[in-house]
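Structure first, commentary second.
Quick note: the coordinates plus some simple rules give every number you see, no bench work behind them. Computed from a predicted model, the values in this text were never measured in an experiment. Virtual Cβ from ideal backbone geometry, glycine too; neighbours counted across all protein chains shown.
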Amino acid sequence: MSTSVEHLQQRTLDATELLGDLIPSAITLATMLRHRTMATWLRQEYEGYADHQQAPPYRRELPGHIVAKSPQYGWIPAPVEEHQTEQFGRLDLLDPVRELEHTCLNCKKGNGSRILLAREDLATLQKQINLSADLAINISRDVYCQLLRTVRGGLHLWLEALVAAGLEGEHNQFSRDEKAQVAHLDTPQDFWRRAMAERDSLPVPDVRELGLLERMFGRAG
């Protein structure tokens, strides 16, 4: 399979290119370069994390708001204190990037996604606030976007470093010398940590909103 590092890098800057479509190409590239650590990270992002402890910090303890289900008004802010929001209103998002991206694409700005509290947390918080209603964590679209922007940014920075190291043009395979000259770049943690720190200044796009017709006809599916 022919691949171009430069072309893949440019795709990370295109808002119409879904991250879930970019990652398989990036896994192929990492495998061709024998960047095993990078390939492992990309596969975990693509498939999701089974273990909370393996998930990177940009997926852990993400902030949300606790909402309660009212029989009259639907989901409304729950009567909780700040310390209760801090204790019960954070969540690890471990799903595959494609699922997170799908959620984000179908959310309008200012909206989010509700995730029901775990049974034990639900019982504890219901008792604390003396409320029997269902409780959920509302994770905003912005939180999803920041997570996805971090992954996309880490991928972009890795590709940028490969280009800077001289991997240009189309390749069906890489020579031993080419692999050796970029072996030191098999460090995904360096790239996603930098993406976390520089997220707001990176040139990668935010996840766009789907239009009405796209949502009706399932464009993001």
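In summary, the convex hull built on the alpha carbon positions of the range 1-128 has an orientation-averaged projected area of 10.4 nm².
Across the options V67, L22, V80, the greatest Cα extent toward the positive end of the charge dipole of the range 1-106 (unit charges at beta carbon of Lys, Arg, Asp, Glu) belongs to L22. Computed over the alpha-carbon pairs of the chain, the distance histogram in 5 Å steps reads 1, 6, 13, 16, 16, 13, 11, 8, 6, 4, 3, 2, 1, 0 percent, short to long.
Compared with the dominant principal axis of the Cα atoms in the chain, helix 19-32 is inclined by about 40°. A cut-off under 10 angstrom between Cβ atoms defines the neighbours of L100, and their net charge, with Lys, Arg +1 and Asp, Glu -1, is -2.
A Gaussian network model of the chain, with springs between Cα atoms under 10 Å, assigns the largest mean-square fluctuation among N106, N138, N172 to N172.
For q values of 0.10, 0.17, 0.21 Å⁻¹, compute log₁₀ I(q)/I(0) with the Debye formula on a Cα-only model of the range 54-141, without solvent. Result of the Debye calculation: -0.27, -0.74, -1.06.
May I ask for the longest run of the chain untouched by chymotrypsin sites (Phe, Trp or Tyr not before Pro) that are loop-located per DSSP and have at most 14 neighbouring C-beta atoms (other than their own) within 10 Å? Counting at most 14 other Cβ atoms within 10 Å as exposed, the longest clean stretch of the chain is 74-216. Taking the Cα centre of the chain as origin and assigning +1 to Lys and Arg Cβ atoms and -1 to Asp and Glu Cβ atoms, the resulting dipole is close to 380 debye.
Distance from the alpha carbon centroid of the range 1-61 to that of the range 153-196 works out to 12 angstrom. Of the residues R98, R194, R176, the one that moves most in a GNM of the chain with alpha-carbon contacts below 10 Å is R176. Annotation: amide H-H contacts under 5 Å for L117 (H modelled 1.01 Å from N, sequence separation of 5 or more, or interchain): L135, A136, I137. Using the Karplus relation 6.51 cos²θ - 1.76 cosθ + 1.60 with θ = phi - 60°, the per-residue 3J(HN,Hα) values for the range 37-48 come to 5, 5, 4, 5, 4, 4, 5, 4, 5, 6, 9, x Hz, with x marking Gly and Pro.
For T28, the shell of other residues with beta-carbons less than 14 Å away shows a net charge of +2, using +1 for Lys and Arg and -1 for Asp and Glu. Note on the range 94-221: Cα convex hull, mean projected area over all directions, 12.3 nm². For the range 54-141, averaging the sequence separation of C-alpha pairs within contact (under 8 Å, six or more residues apart) and dividing by the residue count gives a relative contact order of 38 percent.
Taking a straight Cα-Cα cut-off under 26 Å and skipping sequence neighbours fewer than 8 places away in the same chain, the lysines within cross-link reach of K109 are K69. Remark: the range 195-207, residue by residue, has Karplus-estimated 3J(HN,Hα) of 5, 4, 6, 10, 3, 6, 10, 5, x, 5, x, 6, 5 Hz, where x stands for each Gly or Pro and the curve is 6.51 cos²θ - 1.76 cosθ + 1.60 at θ = phi - 60°.
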